[in-house]
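Down below is the structure, laid out as structure tokens.
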Amino acid sequence: MVDDKEKNMKCLTFFLMLPETVKNRSKKNSKKTNTSSSSSSSSSSSNSSKLPPVCYEIITLKTKKKKKMAADIFPRKKPANSSSTTVQQYHQQNLSNNNLIPAPNWQGLYPTIRERNAVMFNNDLMADVHFVVGPPGGTQRLPGHKYVLAVGSSVFHAMFYGELAEDKDEIRIPDVEPAAFLAMLKYIYCDEIDLAADTVLATLYAAKKYIVPHLARACVNFLETSLSAKNACVLLSQSCLFEEPDLTQRCWEVIDAQAELALKSEGFCDIDFQTLESILRRETLNAKEIVVFEAALNWAEVECQRQDLALSIENKRKVLGKALYLIRIPTMALDDFANGAAQSGVLTLNETNDIFLWYTAAKKPELQFVSKARKGLVPQRCHRFQSCAYRSNQWRYRGRCDSIQFAVDKRVFIAGFGLYGSSCGSAEYSAKIELKRQGVVLGQNLSKYFSDGSSNTFPVWFEYPVQIEPDTFYTASVILDGNELSYFGQEGMTEVQCGKVTVQFQCSSDSTNGTGVQGGQIPELIFYA
């Protein structure tokens with residue numbers, strides 16, 4: 001009898017916790033039972049132990065219905081109540097606040113477990129661990145939920161549920177930036193990747209440390225798409241640290257092709273000594289050696305500051321160490337050496353004297369410096385015409401614009417254009433070349449070139465190679481001033497295979513001198529790939 005009472009009390013408790021709609025249904029069922037029954041209250045009480053509790057009847061009714069998934073019960077559309085807080089709003093709140101969810105039935109607002117986990121992102125509600133993230137003086141205390149974290153990272157799983165798990169309420173992480181740790185948590189909780197240029201490297205470090213490979217891959221992709229000469233050297237250093245060979249290769253491609261821009265960037269001064277040595281050794285570095293020398297001195301100046309050394313010539317040479325001899329000073333033009341390296345004070349008198357003798361003497365002295373010039377990069381030429389011609393009444397240059405659009409299927413660096421010259425003997429031309437993307441000028445240069453009267457093309461170079469992204473059309477333009485009559489191309493091709501790169505051509509609305517796909521000027525694109 002006691003067991004029956006306890007059983008009835010448990011069922012009654014469960015019944016009271018049910019929603020109102022279910023309670024009303026059970027009352028209707030109980031009314032039907034009462035009308036069909038003619039027993040008195042006394043007999044009802046005596047047989048109460050034999051009758052099944054009301055809550056059992058409700059459970060039986062519910063099990064007859066078809067099971068529904070959470071997404072079927074709660075549709076994805078927003079609730080009719082406009083005051084309901086969305087997951088995105090919680091994200092925005094929780095990035096800076098650890099607010100508890102005010103709604104008592106917030107779980108019912110979201111159809112999927114991902115959305116409900118997202119509400120827990122950076123939220124103290126049900127948090128069973130806290131992280132103190134960041135270096136001393138810049139820490140931030142962030143809440144976490146062990147189960148969610150363990151599902152998202154094998155490191156967190158070992159930390160909380162492994163054989164050597166420690167039951168700590170607070171974990172200090174001094175080597176990860178708070179913003180990067182939050183970006184990682186947002187991915188684990190919300191399945192969203194939110195990267196920014198100023199925190200992506202720190203986020204990559206966090207993703208590597210806690211073995212979150214998909215986030216790490218997204219960071220690498222972000223870095224590859226934002227890679228430029230300004231940050232290539234820094235990213236090279238980081239890619240070696242993170243052991244990302246694909247990113248390392250991409251960095252080298254940019255550094256080789258746009259070497260002078262990369263060496264003159266502020267980021268070059270932030271690299272470590274090992275990366276400095278690897279760049280100075282680079283055989284395919286496409287830069288004048290005087291630029292390499294000046295970049296090394298700039299790095300040495302910043303390194304002195306990092307080591308709290310006085311900015312003296314002696315200390316600059318000291319921090320450079322043996323890396324100084326990786327600079328190929330004997331391969332500089334004599335003017336560059338005499339007016340630059342020889343007067344820098346970094347070289348000893350003996351070294352300066354020996355290099356001067358190496359330039360002039362028949363019997364050259366032995367040098368510690370590498371005396372063989374770098375190979376650099378060999379430019380490729382994409383020729384878009386199958387033949388060329390000239391006529392007495394065309395093609396005439398009148399200071400008008402010749403223009404063509406092109407796209408490539410792989411990332412390349414446009415170094416310049418190959419142009420036709422005069423069809424009436426030798427002549428000198430002034431050429432203004434320009435490269436644009438969606439109306440934005442990416443590179444331009446004004447220079448002169450000499451035409452010997454042949455049908456050959458003559459290269460005209462940009463000051464620095466311009467990086468060209470795949471599957472996007474760019475506009476190549478040139479305005480020539482000189483001898484009017486010129487050779488021109490015929491039988492133009494809309495698609496040209498040049499090595500491993502496929503180039504597509506189409507007409508440009510900027511062209512006002514008749515150049516198009518089938519014929520005209522700008523016969524060649526000169527590029528590095």
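Just a few scattered comments:
- Test: residue in segment 128-135 that is farther than 23 Å from Cys190 by Cβ, assigned to a loop (DSSP other than H, G, I, E, B) and not aromatic (Phe, Trp, Tyr): yes
- For Ile479: the one exception among (1) within 22 Å of Val378 (Cβ to Cβ); (2) hydrophobic (A, V, I, L, M, F, W, C); (3) open to solvent by 30 Å² or more (accessible area, probe 1.4 Å): (1)
- Of the residues making up segment 482-517, those that are farther than 20 Å from Trp395 by Cβ and open to solvent by less than 10 Å² (accessible area, probe 1.4 Å) are Val501, Val503.
- Per-region count, segment 238-277, residues more than 22 Å from Arg217 (Cα to Cα), among the charged types (D, E, K, R) and not in a loop (DSSP other than H, G, I, E, B): 6
- Number of residues in segment 166-206 that are more than 16 Å from Pro135 (Cα to Cα) and open to solvent by 10 Å² or more (accessible area, probe 1.4 Å): the value is 17.
- Inside segment 278-296, residues that are in a helix (DSSP H, G or I) and crowded, with 21+ Cβ neighbours inside 10 Å make up a count of 7.
- Residue within segment 231-242 that is open to solvent by 40 Å² or more (accessible area, probe 1.4 Å), within 17 Å of Gln467 (Cβ to Cβ) and touching a strand residue (DSSP E or B) at 6+ places or on another chain (Cβ under 6 Å) present: no
This table checks each residue for (1) open to solvent by 10 Å² or more (accessible area, probe 1.4 Å); (2) among the basic types (Lys, Arg); (3) closer than 25 Å to Asp256 by Cβ; (4) assigned by the TED database to the domain that holds Gln258.
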residue	(1), (2), (3), (4)
Ser422	no, no, no, no
Gln438	yes, no, no, no
Leu446	yes, no, no, no
Asp452	yes, no, no, no
Pro470	yes, no, yes, no
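- Residue in segment 452-473 that is part of a strand (DSSP E or B) and small (Gly, Ala, Ser) present: no
- Every residue from segment 322-361 that is open to solvent by less than 20 Å² (accessible area, probe 1.4 Å) and of a type in the set (A, V, I, L, M, F, W, C): Ala323, Leu324, Ile327, Ile329, Met332, Phe337, Ala341, Val346, Leu347, Ile355
- Search result, residues across segment 414-467 that are of a type in the set (Ser, Thr, Tyr) and within 22 Å of Ile255 (Cα to Cα): Tyr464
- Hits in segment 384-420 - residues which are open to solvent by 60 Å² or more (accessible area, probe 1.4 Å), part of a strand (DSSP E or B) and over 20 Å from Gly453 (Cβ atoms): Gln386
- Check on Glu266, of a type in the set (Asp, Glu), modelled with pLDDT of 95 or more and open to solvent by 50 Å² or more (accessible area, probe 1.4 Å): no
- Failed condition for Thr225, given (1) open to solvent by 60 Å² or more (accessible area, probe 1.4 Å); (2) in contact with a strand residue (DSSP E or B) (Cβ under 9 Å, 6 or more places away or on another chain); (3) hydroxyl-bearing (Ser, Thr, Tyr): (2)
- Taking (1) surrounded by fewer than 20 Cβ atoms within 10 Å (Cβ to Cβ); (2) among the aliphatic types (A, V, I, L, M); (3) touching a Leu at 6+ places or on another chain (Cβ under 7 Å) in turn, Leu247 satisfies each apart from (1).
The values are calculated or read from the model by the stated rules, or taken from the named source; none is laboratory data. As the structure is a prediction and not an experimental result, all values here were calculated from the model. With ideal geometry, Cβ positions are generated from the backbone for all residues, glycine too; neighbour counts draw on all protein chains shown. Ligands, DNA and RNA are stripped out before the accessible areas are found, and what is left, the full protein with its side chains, is counted by its heavy atoms. Shrake-Rupley method; radii C 1.70, N 1.55, O 1.52, S 1.80 Å.
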